[in-house]
Amino acid sequence: MCSRSDFLEVGGYDEAMHGWGGEDRELYDRLKFTLRRTQVDVADEHIRTIKHSDSERVRFAELADKALNQCINAVYRQAKFDLMRLAAEIHLPLPLRQQLRAQVSRSVMDASARGMPAASVEVDAGVTPSIPMPPNVSVTRKLAYEVKLPPQAKQSLARVKSDDQEASASRTASHPAAPARARASIGFRSLRRVPITSGATLFCMVKNES
């Protein structure tokens, strides 16, 4: 809850943010840091929470992974506030915010798709340096962020790989008349016992495009 005048002065909710996670805290931060408002707790008897499941939280979101979307919004919030401080501006134009959020989303989603444990995001500050530069010198300021990806994202990627392996196994079972050599080439065979107890065990994985 906040006053209508304060809500309008900070620009309301950030329409560049979408999906689950962080849009309320981002509003609180602007009320706190730009208008110096103090957050206070309200007694429990005055509040009732509407219960809803995670599936309902992401029902209309483009990205159904709640934790990954929260990660994207968190990096966006940090980058946005850093730009606001550098530019000494309370309000950043909506197209700039949308571009920033899209850039953060691309970087995080790309790292998640590649199974990386963390994502790196680099943002062009796009503001004039604080001190005068010589005529023959140009300075570009960039903001660099690194965020640890949530384990849910890695688990979902692992599930995709598991599904691929199960599909390979089903293809093996569906070709009983195929020669033994062809059947062995589909899917993976587990090496359950090391043939020797000394030395190094070598193995090779060959990609079969057929």
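Label-to-label distance for Arg114 and Glu9 is 4.5 nm, based on points extended 7 Å past Cα in the beta-carbon direction.
Any idea what the relative contact order of region 1-145 is, in percent, if you count C-alpha pairs under 8 Å spaced at least 6 apart?
Values: 121 pairs, mean separation 30.1, N = 145.
Normalised by residue count, the contact order of region 1-145 is 21 percent.
Candidates Ser55, Leu68, Gly21 compared by Cα position along the dipole of region 1-78: farthest toward the positive end lies Gly21, with charges placed on Cβ. Global dimensions of region 1-157 from alpha-carbon coordinates: Rg and Dmax equal 18.1, 65 Å.
Mind listing which chymotrypsin sites (Phe, Trp or Tyr not before Pro) in region 1-52 are in a DSSP loop and have 16 or fewer other Cβ atoms within 10 Å?
Tyr13
What the Cα convex hull of region 1-45 gives, in volume per residue, is 91 Å³.
Bear in mind these aren't lab numbers, they're just calculated from the coordinates by the rules spelled out. Quantities reported herein were computed from a predicted structural model and do not represent experimental measurements. Note that each Cβ is placed from the backbone with ideal geometry, even for glycine, and that neighbours are counted across all protein chains shown.
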